[in-house]
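The values are calculated or read from the model by the stated rules, or taken from the named source; none is laboratory data. Values in this document were obtained by computation on a predicted structure and should not be read as measured data. Note that we place each Cβ from the backbone using ideal geometry, even for glycine, and neighbour counts take in every protein chain shown.
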Amino acid sequence: MLNIILFGPPGAGKGTQAKKLLDQYQIKHLSTGDMLRAEKASGSELGQRVAAIMAAGDLVSDDIVNEIVHSQVNAHREANGFIFDGYPRTVAQAHKLEEILAGIGEKLAGLVLIVVPDQELIDRIVKRGQDSGRADDTAQVAQNRLQAYRDKTEAVANYFADKGMTHTVEGVGTIEEVFVRLRTAIDALN
Ligand code: AMP
């Protein structure tokens, strides 16, 4: 299995790149943001519980996302690997992910961090909100999501950097240019 964390602040292009990477490597894309939005859209009890938190740009509790990822990993044991997108977002989630993978006899190959300057992130997020209607893609909520990233999520990149597992790529440029950089970083993991 090839198990990768695709990492970076909101607006870095993780979702776009993850879709291209899963075609390239034939591995399963697990986006906790997509899964939570699906819960919200279905009107499930869980979806109702997380809706306000997501709308404010805050983080959903570790227990909820850990449970979602645990069940998805177990349900796709036959996959060639996983791209984790938007997860882990806290160091506690990072520990849990290592545990979940160990539970199926697997481990992470590494974390790839996409770096983009703050102002460009806000511009991209606001544009995505206008194009897609995603409710948490407004300038104000984007600031809050960036703050949550700085306060709680960036530490995950440091956690894996301490293990020599964090690899940084420049996220400014065309989608194709960034994709080539990501592929180079991922191919070097094997
Ligand atoms: P994303 O699509 O990854 O930007 O996620 C959208 C929103 O879903 C985030 O702003 C959080 O409210 C929530 N979310 C997604 N993934 C996680 C996670 N791993 N931990 C906590 N909250 C999450």
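Looking for whichever is more than 10 Å from the ligand (Cβ to nearest atom) and of a type in the set (A, V, I, L, M, F, W, C) here; the options are ILE4, ILE53. Which one fits?
Working: ILE53 fails: more than 10 Å from the ligand (Cβ to nearest atom).
It is ILE4.
Which residues, taken from the stretch 66-81, are closer than 24 Å to VAL50 by Cα and either in contact with a Lys or Arg (Cβ under 7 Å, 6 or more places away or on another chain) or within 14 Å of the ligand (Cβ to nearest atom) (or both)? Step through it out loud before you land on a result.
Restricting attention to the stretch 66-81, the residues satisfying the condition of being closer than 24 Å to VAL50 by Cα are 66-75.
The answer is ASN66, GLU67, ILE68, VAL69, HIS70, GLN72, VAL73.
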Which ones in the stretch 140-153 are surrounded by 15 or more Cβ atoms within 10 Å (Cβ to Cβ) and among the charged types (D, E, K, R)?
ARG145, LYS152
Within the stretch 132-141, can one find any residue that is more than 10 Å from the ligand (Cβ to nearest atom) and at pLDDT 95 or above?
no
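Going through ALA109, ALA102 one at a time, which residue ends up being loosely packed, with under 13 Cβ neighbours inside 10 Å and away from the ligand (no atom under 16 Å from the Cβ)? Show your work before the answer.
Numbers: ALA109 fails: loosely packed, with under 13 Cβ neighbours inside 10 Å.
The match here is ALA102.
Got at least one residue in the stretch 39-46 being of a type in the set (Asp, Glu) and touching a Gly at 6+ places or on another chain (Cβ under 8 Å)? Let's see the steps before the verdict.
Our first condition is that a residue be of a type in the set (Asp, Glu); within the stretch 39-46, this holds for 39, 45.
Then drop every residue that is not touching a Gly at 6+ places or on another chain (Cβ under 8 Å), which leaves 39.
Within the stretch 39-46 (the criterion being of a type in the set (Asp, Glu) and touching a Gly at 6+ places or on another chain (Cβ under 8 Å)), the answer is yes, since at least one residue qualifies.
Among the listed residues ASP137, ASP85, identify the single one that is surrounded by 21 or more Cβ atoms within 10 Å (Cβ to Cβ), of a type outside the set (A, V, I, L, M, F, W, C) and within 21 Å of MET1 (Cβ to Cβ). Give the steps one after another, and end with the answer.
Details: ASP137 fails: within 21 Å of MET1 (Cβ to Cβ).
Only one candidate qualifies: ASP85.
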Going through the stretch 160-171 in order, the residues found to be surrounded by 13 or more Cβ atoms within 10 Å (Cβ to Cβ), within 27 Å of GLY57 (Cα to Cα) and either in contact with a Pro (Cβ under 9 Å, 6 or more places away or on another chain) or not hydroxyl-bearing (Ser, Thr, Tyr) (or both) are PHE160, ALA161, HIS167, VAL169, GLY171
